[in-house]
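Here is the structure we will look at, set down as structure tokens.
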């Protein structure tokens, strides 16, 4: 190869190398200018609507959106899909929103149990103003609910008075390997819903779990009788970053308890303490039924105070003239619908019946008119005597 040919070949190699370097530089430079361009469908498209939190699993979806600017005709659209098939779509029409307003919505997918074992799901949230997307975000999750790595939710239950959660640390399940459970830090988010309306939210952050953890959240507001409520618990672990959701449903009802250790029954009467166990107010009576071995059954009733969870009232009932003998005593807490909410049984022996005291009728006091009449009569008599 001649010297001229060698120089031309070297120049071609140098040109190719410089061109390739320039292409790499341009690719890197463009990526630095717009690094999230390819993932924009999963983030906020406008800064005036921010999706603060978005969670979904096979049962429900929970989203919180903050609006930085006022908007009209706003709606939240939830979609659930598997592969290319859309399984469920739900829309919440919000109307007008104000600047700085935060809105949280919870949606229950309501898929049938025998829907089928699919590999994974994708949930997506659209924040819309009319037909325009203000923000959108999506999340994917497996068919089966993921489990926390070193923490187990043993129980989550709710009723008309409270919600309670019990959790414990778990150790490694590897055979032949004994591993001490590692402490962890979690956040708890508890919501109480009536349908899809959130009526209460409570967040507990940075909770250290070093063994068994138990907590009770008492409802501090009144509930409506015979209404269905849903309590939602979200547990967020820090390491690894994972959130699980748990649901407990209940019917709101009156609940009251007769304190067995605070009952006193003797030949004079009964003293009964009842305590409220529900945020549905108890409005009713305490009924005491005396059943003798022979003779007539006697029933005594007294109205109790209106009670909510944690409030108590001591009701006193007096009976007089109860005949000598042994009695079975049944005590009932009864609401206005004559439903027995709690009961207690005991026995009573009356040795000497208490004499029923009947107050004597007092002669009516002289009225002012009667007194004035007597005085006038005396004056008339005295005047007549003077004339005589």
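Check 65, 153 and return the single one that is modelled with pLDDT of 95 or more, surrounded by 12 or more Cβ atoms within 10 Å (Cβ to Cβ) and under 29 Å from the mean Cα position of the chain (by Cα). Step by step, each of 65, 153 is checked, and only 65 is modelled with pLDDT of 95 or more, surrounded by 12 or more Cβ atoms within 10 Å (Cβ to Cβ) and under 29 Å from the mean Cα position of the chain (by Cα). Against the numbered list (1) assigned by TED's automatic domain parsing to the domain that holds residue 342; (2) more than 17 Å from the chain's Cα centre (by Cα); (3) in contact (Cβ under 8 Å) with a residue 40 or more places away in the chain, residue 278 comes up short only at (2).
Restricted to region 42-62, and to residues there that are closer than 19 Å to residue 196 by Cα and assigned to a loop (DSSP other than H, G, I, E, B), the residue that is modelled with the lowest pLDDT is 58.
A quick yes/no check of all residues on (1) under 26 Å from residue 217 (Cβ atoms); (2) surrounded by 17 or more Cβ atoms within 10 Å (Cβ to Cβ):
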| residue | (1), (2) |
| --- | --- |
| 237 | yes, yes |
| 245 | yes, yes |
| 252 | yes, yes |
| 258 | yes, yes |
| 264 | no, no |
| 269 | no, yes |
| 272 | no, yes |
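The sole residue among 210, 216 that is more than 30 Å from residue 332 (Cα to Cα), outside the structural domain of residue 323 (by TED's automatic domain parsing), free of Cβ contacts under 8 Å to residues at least 60 places away in the same chain and loosely packed, with under 15 Cβ neighbours inside 10 Å is 210. Does residue 318 meet the test of being touching a strand residue (DSSP E or B) at 6+ places or on another chain (Cβ under 8 Å) and either free of Cβ contacts under 8 Å to residues at least 40 places away in the same chain or over 30 Å from residue 251 (Cα atoms) (or both)? Yes: the conditions hold for residue 318. When region 281-297 is filtered for residues that are crowded, with 17+ Cβ neighbours inside 10 Å and without any contact (Cβ under 8 Å) to a residue 40 or more places away in the chain, only 292 remains.
The values are calculated or read from the model by the stated rules, or taken from the named source; none is laboratory data. From a predicted model like this one, the values you see are computed outputs, not experimental measurements. Don't worry about glycine lacking a Cβ; one is built from the backbone with ideal geometry, like all the others, and counts go over all protein chains shown.
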